[in-house]
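Okay, structure first, notes after.
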Amino acid sequence: MNVLISLDGLSYTLFERYSKAFIENNFSICHKLVTTFPSVTFNAHATAITGSNHDKHFVIDNMLSHFRTIERISLYGDHELICNEELHKKTLFRSLAAHGLTSCCIHWPLTSGNPYIHHLVTESSSKKQLLNAEAIDQIDDLALHKTIKAIESGAYDFIASRFVGYDALSHKHGKDSLEATLYVERLLEYIGRIDALLKKNQRSYNLFIFSDHGQSDVETFFYPNEILEQSRWRENLLNDQIRFVGDGSGSLLFYSTLDNRQNREIMDYFGQFPEVNHFYELEGASSSEYQPIGILDLNATVCGEDIVPPEQPKYRTMKSLHGYHPSNVDEMNGFMVCTGYQINRSTTIEEARLENIAPTLAKLFQISHPCDGGIIHDMIREYD
Ligand SMILES: [Zn+2]
């Protein structure tokens, strides 16, 4: 049995406080798990579970637009535009099912309707059960309860679960706030319970714990659509020909139906703002209808939002955020620790990537899983 646990939003720098205890318990550790760009939950979890980046799974952000209509589409609640067979068939769940292996999946984004998961609990279905859907500790308690039941049942070869509370508290109170850091200790206690249960059950198991991205502080706000509304591209914005799309985030997707020359001018224009780190142009034809023209990456501590006047900002009270390019804001990167019968004891590796998770798990299962990521050989014991 392999168990994969996601602790949403915990940066590798914060996890350093706790890593010693894991090493003393014979866990192997990957100091820095390089995240995706944009460094957001849906992109990162799709990459972890498929083993490929968004040029293959097309989950580029939590918000998207159709390249032609420029209509803003939120993926929350597992939107079927992206959460469909095209995505499902690229997941590790599918490769496992193809080899007769069973999966249980709890609160993992974009899994609704995935036919290769034998027992699926979506975050949206759990929220409907709770009286207060905003009570993130109740959502995580439910995730723990369901994970424990899944392990005890012995019915699954693979269990993937996600805990969301730290990320939510960090956004609300700050990444280093008392509320958020106390919650980390609660999550580590959950991990301890899961590990103890796996040991007690005496089944051969491997346990992987990772985070999808980190968090960093918010100081200022940036509204690129408001800037467009004040610019010579005002009519293009109002005619739905151009738009920045995103949450309160360190980066925003840029959609446009204008020609290359005009897009280049807009990108050069935004590149001059002190809030902007870099305007990444996405090159080449994509088979996705949701592929943006570019991604506007902001500098650390700047929070972007896609409001179009007269819309009002929604994220002014947010204390921490993510989304930045991980090579510019190092805190965006996550961590990984693992233990188990196929895992080396107390090995430390400096760096791996999110897309290494799925192929490494496939290697432990001794199955093939087509993807772009490579196996993390240094952490696992090789059997011939
Ligand atoms: Zn996340």
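The magnitude of the dipole of the range 258-301, with charges of +1 and -1 set on the Cβ of Lys/Arg and Asp/Glu and taken from the Cα centre, is near 40 debye.
Among the trypsin sites (Lys or Arg not before Pro) in the range 14-96, those placed in a DSSP loop whose Cβ has at most 12 other Cβ atoms within 10 Å are Arg68. What the Cβ-Cβ distance of Ser327 and Thr301 gives, at R0 = 22 Å and to the nearest 0.05, is a FRET efficiency of 0.85. The slack between Glu382 and Lys199, meaning 0.36 nm per residue of separation minus the straight C-alpha distance, is 63.7 nm. Relative protection proxy for 263-272, 299-308, from highest mean packing down: 299-308, 263-272 (other beta-carbon atoms within 10 angstrom). A Cβ-based charge dipole, computed about the Cα centre of the range 219-318 with Lys and Arg at +1 and Asp and Glu at -1, lands at about 120 debye. Of all lysines in the structure, the ones whose alpha carbon falls short of 23 Å from that of Lys89, not counting any fewer than 8 places away in one chain, are Lys56, Lys363. For the pair Leu131 and Ser19, the difference between a 0.36 nm per residue extended length and the Cα-Cα distance amounts to 36.8 nm. Cross-link partners for Lys172 among the lysines, with Cα-Cα distance under 30 Å and sequence neighbours closer than 8 places in the same chain left out: Lys20, Lys32, Lys127, Lys128, Lys146, Lys314, Lys319. When each of the peptides 309-321, 43-55, 173-185 is scored by how many other beta carbons lie within 10 Å of its residues on average, the order from highest to lowest is 43-55, 173-185, 309-321. In the chain, Rg over Rh equals 0.97, where Rg is the alpha-carbon radius of gyration and Rh the Kirkwood radius from pairwise Cα distances. Among Met267, Ala44, Val164, whose Cα projects farthest towards the positive end of the dipole of the chain, with charges put on the beta-carbon of Lys, Arg (+1) and Asp, Glu (-1)? Projecting each Cα onto the dipole axis, the largest value belongs to Val164.
About the Cα centre of the chain, how large is the charge dipole given +1 on each Lys and Arg Cβ and -1 on each Asp and Glu Cβ? Please answer in debye to the nearest 20.
Rounded to the nearest 20 debye, it is 1160 debye.
Per the Debye calculation on the range 219-318 with a single equal scatterer at every Cα and no solvent contribution, log₁₀ I(q)/I(0) for q = 0.12, 0.19 Å⁻¹ amounts to -0.36, -0.92. Report the Cα centroid-to-centroid distance between the range 293-353 and the range 1-16 in angstrom, as an integer. Value for the Cα centre distance between the two parts: 13 Å.
Would you kindly give the portion of the calculated P(r) for the range 226-384 that falls above 25 Å, as a percent of all Cα pairs? Roughly 48 percent, once rounded to a whole number. Computed over the range 297-362, the quotient of the alpha carbon radius of gyration and 2.2 N^0.38 Å is 1.68.
If I take every Cα pair under 8 Å that is 6 or more residues apart in the chain, average their sequence separation and divide by the length, what percent do I get for the relative contact order? This gives 30 percent for the chain.
Here's the picture: charge each Lys and Arg Cβ at +1 and each Asp and Glu Cβ at -1 in the chain, and of Leu364, Met332, Thr13 the one pushed furthest to the positive end of that dipole is Leu364.
Each value in this text was obtained by applying a stated rule to the coordinates, not by laboratory testing. All values derive from a computational prediction rather than experimental measurement. When we count neighbours, we look across all protein chains shown, and the Cβ atoms used for this are built from the backbone with ideal geometry, even at glycine.
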